[in-house]
Amino acid sequence: MSLFSTLNTANTALSAQQRAIEVTGQNIANVNTDGYSRQRVDMQSVGGTAVPAIWSVSNQVGSGVDADTITRIRDAFLEARAQTEHAGASNLTVQDTTYTQVQQAFREPGTTGIQSMLSDFWPGFGDIANNSTDTGAREQLLERSQTLAAGLHSTMGSLDGQWAESKDSLQTLVTDVNATASSIAELNQSIKSATMSKLQSNDLQDKRDSLVLKLAEQIGATATPMDDGTLTVTVGGVSLVSGNNAIQLAVSGGNSAAEVNQNPAANSIAIVTNPGGAVVRAGGTAAGQMTTMNSIIPGYEKQLNGVAQQLADQVNSVHQTGYDLYGTQGGAFFDDGSGGTTAVTAANISVAVTDPKKIAAAALSPVAANGQISADHAVADQLYQLRLGIPSGGTYTDGADATYRKMIVALGVQAATTSNSLTTQSAVSTHVDAARESVSGVNIDEEMTNMLQYQHAYSAAGQLVSTVQSMMDTLINMVGR
Amino acid sequence: MTRVTQHAVALTSLQGLNGNLAALQRLQQQMTSGKTISQPSDDPTGTNTSMIVRQGMAGATQQARNITDGQTFLDSTDSALQNMLDQVRKVRDLTVQALNNGALDGPSQQAIATQVQGIRESLLGQANLVVQGRPLFGGATTGSFAYQDDGTGNYVYGGVGDGTDSRTWMTRQVSDVEQIRVDITGPEAFGVPGSGKDLFGVVKNVAADVADPTKLTTDLSDLDNVIDGLTTALADIGTRSARMQTAATNNSNQQLTLTTKLSQTEDIDLPKTIMNLQMQQVGYQAALAATAQALQPTLVDFLK
């Protein structure tokens, strides 16, 4: 042991403290960086020779400090929790948005929705009943019927528009997911090389973690760390990234909500591997969009089609028992636009009657009315009463109005439930984020305290050098005299 | 001990602020729209009530129209019948006059006959009274006459229905469950047509029989029957008119109830909402101030 070795000890101390201050600087610089995990220099004292030999003996005093390892402070379990919770929150966010848009499409309760159009439509028959030979009242009913049909068409149109929009954004999302997966594969490769050559790759790992979190939100991916430093990213059991390989995904399924309703098995939207075509059970935003396209929107379109068909059946069955102002028996009042009455949907419902005189308001045939055309309004009355429902034994069973109202109420309940779930899920994921942040986040107070510590240690080491120097000076001057 | 970092503090503060702002926005939306329900999810039960009430209101509005319209018909029928009754009474007076003065000379008898004939034509005019394009006493006819001269001086009924088939009635839906008939057909008011004993037949007989007291006596009792018929018809119309008025009162009550109910369901409680808005604003400002205080200082501020 010599004075020179003490100088060396002071030297390691100086560089170790300097390194620590560098890392502190890096932490402070990234205090607001998303996904950054704080780093710490792991200092280790360098001991003397553990096993003595002839020329290698130690005086039991160590020879300084080693500051080679810089550790990323993070909790792998919290990271995994965050991935799951973020995926759940993203899924619910999409569903919540969908419900909000569906509610906007129906515009209830209010004066512009289908309910209000129905409320305008039925009194049209009441006006005809008040004045069955007046073409003005009849013309008005036809206009209101057209408005009602147009209202059903436009609601259907906006649901279709939402569906198409969802499909577009799912396509974009999958393209983005493919790009992210490739980036993770490249990062895996770099991190693997760095690990093999014992180089630090903390910042690359941070970058990779934040990409994985993005994939978790988009598609519900989870990550498993491997021994060689790479991450294996899986989605619903299918591995998306493994080592430096990433597989590509694609969207499969029909092109409209109507197609999904026609054949749910073949036309449901799914995310599949490309090539391969194996279905991937995705979570996150993608799952929310698939729920939107496979159940929410097709579900409401189906119910709205049911309302349109019920309205047509209800009105047609009564209208066909009546006689018009030409004395002929009434035909269909509503049809599917090409004469059919059994496949009426909200998208194709049309008013089959174009001549106001052809509205069959009278119950008496010309034969029953002594050869005259009857001006009675018994059928118009029955049609008007249909607004209360379908008469059955003194009471009324649900008509188109009630069916529609039930649908809107169910929509409201669904939307409120989803919105509540989203609130809960967001709170959970914010808490997980805060927990993750409390482990990996940078605390400026802490960094400042550390900086002071390192600074003091640095000054002390400097003092050590100057002490050794003065000791040497003393020795050399005494000898040289 | 949990580590707290500035970023975490910022995150949670932001979440709190957002929550406050969302609540503020909801209240502000309620204030500006005046409605508590802007979409079904705001209150599904309220939405249901609101939709049922709106439907009920549309029904009540239409029924109010039906009532006004029906009342017009009843009033017109009433005054037509009243006029006719007056004229038939005139015919009766003339008949009695002809009977009492059996020794009236030819020209006087002729004068009575002419007068009765004139009244008969005026009665035809009344019986063919048209309201809103429909002959009042013609039942469900699309034609413009209830009675017509068949060319031989007989007035025949040209309407559809004699009141026995309820499908030919002209009715008005005055509530969801009640219909009131607003017309009365010729055969009901004036007697069975073609029998010679209906209003026009009897009056025609009177004109023809001025000189024959025996026949005139029979005609007089026939005429009394006709007057009875007309009086009954008038009473019938009067009763229905009273029913119509009750219906009108019920209808306006119902409309008021429904409007109140809709307002209770959909409209905001103004003082309550204003109070809530104020409280929320105070809360939001406090949250802003607290956040600004919590986020600013770090150890850096105190190191020299």
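Determine the shielding of peptide A:108-114 by partner chains: average, over its residues, the number of Cβ atoms on other chains within 10 angstrom of each Cβ.
5
Cut-off 18 Å, label point 7 angstrom out along Cα-to-Cβ of B:Q28: give me the residues of the range B:262-302 whose amide nitrogen falls inside.
Those under the cut-off are B:273-289.
Taking a 1.4 Å probe, which of A:F333, B:F145, A:F77 shows the most accessible area, and what order do the others take after it?
Per-residue accessible area, sorted high to low, gives A:F77, B:F145, A:F333.
Once the Cα gyration tensor of the range A:81-415 is diagonalised, what are the square roots of 5 times its eigenvalues, in whole Å and ordered largest first, as equivalent ellipsoid semi-axes?
60, 16, 13
Could you identify which residue out of B:A248, B:A146, B:A23 has the top mean-square fluctuation in a GNM of chain B using Cα springs shorter than 10 Å?
Residue with maximal mean-square fluctuation among B:A248, B:A146, B:A23: B:A23.
Give the ranking of A:I21, A:I128 by solvent-accessible surface, highest area first, calculated with a 1.4 Å probe.
A:I21, A:I128
Kirkwood hydrodynamic radius, computed over distinct alpha-carbon pairs, for the range B:140-296: how many Å, to one decimal?
Every distinct Cα pair counted, the radius reaches 21.8 Å.
How crowded by other chains is B:177-184, given as the mean number of beta carbons from other chains within 10 Å of each beta carbon?
Taking all residues of B:177-184 together, the mean is 1.
Can you tell which of A:G389, A:V315, A:T285 lies farthest toward the positive end of the dipole of chain A, using +1 and -1 charges on the Cβ of basic and acidic side chains (Lys, Arg; Asp, Glu)?
A:T285
Long-range amide H contacts for B:V131: which residues qualify at under 5 Å (H placed 1.01 Å from N, peptide plane, sequence gap of 5 or more or a different chain)?
B:L136
Determine the dipole magnitude for the protein assembly as shown: charges of +1 sit on the beta-carbon of Lys and Arg, -1 on that of Asp and Glu, nothing else is charged, the reference point is the Cα centre, and the result goes in debye to the nearest 20.
Computed charge dipole of the protein assembly as shown: roughly 2100 debye.
For B:K204, list the aspartates and glutamates whose Cα falls under 13 Å from its own Cα; do not include residues on the same chain fewer than 8 positions away.
B:E121, B:D149, B:D219, B:D222
Quick one: helix A:135-196 against the long Cα principal axis of chain A, what's the angle to the nearest 10°, folded into 0 to 90?
20 degrees
Based solely on its DSSP helices, what 222 nm [θ] is calculated for chain B when runs of n ≥ 4 H residues each add -39,500 (n - 2.57) and the sum is averaged over all residues, nearest 500 deg cm²/dmol?
That comes out to -24000 deg cm²/dmol.
Could you name every residue in the range B:41-65 that has 30 Å² or more less accessible surface in the full protein assembly than in its own chain alone (probe 1.4 Å, ligands and nucleic acids excluded)?
B:S41, B:P44, B:N48, B:M51, B:R54, B:Q55, B:A58, B:Q62, B:R65
Between their Cα atoms, which of B:K90/B:K197; A:K167/A:K214; A:K214/B:K35 are more than 28 Å away from each other?
Beyond 28 Å: A:K214/B:K35.
Please report, as a whole percent, how much of the solvent-accessible surface of the protein assembly as shown comes from carbon and sulfur atoms (probe radius 1.4 Å).
Of all accessible area on the protein assembly as shown, carbon and sulfur atoms account for 55 percent.
Which three numbers, in whole Å and largest first, are the semi-axes of the equivalent ellipsoid of the protein assembly as shown derived from its Cα gyration tensor as √(5λ)?
Ellipsoid half-lengths, sorted descending, are 99, 28, 13 Å.
Under 17 Å Cα-Cα from A:K192, which lysines qualify once same-chain neighbours fewer than 8 residues away are excluded?
Partners found: A:K207.
Where the centre of each part is set by its Cα atoms, how far does the range A:67-111 sit from the range B:38-112, in angstrom?
That distance is 69 Å.
Can you give the angle from 0 to 90° between the axis of helix B:6-33 and the longest principal axis of chain B, with both taken from C-alpha atoms, to the nearest 10?
Long axis of B:6-33 versus the principal axis of chain B: about 20 degrees.
What value, in deg cm²/dmol to 500, does the helix sum -39500 (n - 2.57) over DSSP H runs of n ≥ 4 give at 222 nm once divided by the residues of chain A?
-20500 deg cm²/dmol
What does the extension gain come out to for B:Q110 and B:T232, with contour length at 0.36 nm per residue minus their alpha carbon separation?
Separation in residues times 0.36 nm, less the Cα-Cα distance, equals 40.7 nm.
At 7 Å along the Cα-to-beta-carbon direction for both A:K357 and B:I274, put a label point, then send me their distance in nm to one decimal.
About 6.1 nm separates the two model spin labels.
Helix A:3-29 versus the longest principal axis of chain A: what is the Cα-based angle in degrees, 0 to 90, to the nearest 10?
10 degrees
Around B:R92, with a cut-off of 11 angstrom between Cβ atoms, what is the net charge of the other residues, counting Lys and Arg +1 and Asp and Glu -1?
Charge balance in the 11 Å sphere: -3.
Please find the FRET efficiency linking B:A290 to A:S338, where r is the Cβ-Cβ separation and R0 is fixed at 56 Å, and quote it to the nearest 0.05.
0.25
For the interface of A with B, what's the total buried accessible surface in square angstrom, probe 1.4 angstrom, rounded to the nearest hundred?
Roughly 4700 Å² of accessible surface disappears when A and B pair.
Can you give the FRET efficiency to the nearest 0.05 for A:S239 and A:D398, using r as the Cβ-Cβ distance and R₀ = 51 Å?
After rounding to 0.05, the efficiency reads 0.50.
Leaving out ligands and nucleic acids, and using a 1.4 Å probe, what accessible area per residue does the protein assembly as shown come to in Å²?
With the other protein chains kept in place, the protein assembly as shown gives 46 Å² per residue.
The values are calculated or read from the model by the stated rules, or taken from the named source; none is laboratory data. None of the values given here were measured: they were computed from a predicted structure. Quick reminder, even Gly has a Cβ in these numbers, built from the backbone with ideal geometry, and neighbours come from all protein chains shown. The protein model used for the area step is the full one, side chains on, heavy atoms only, and it has no ligands, DNA or RNA in it. Shrake-Rupley method; radii C 1.70, N 1.55, O 1.52, S 1.80 Å.
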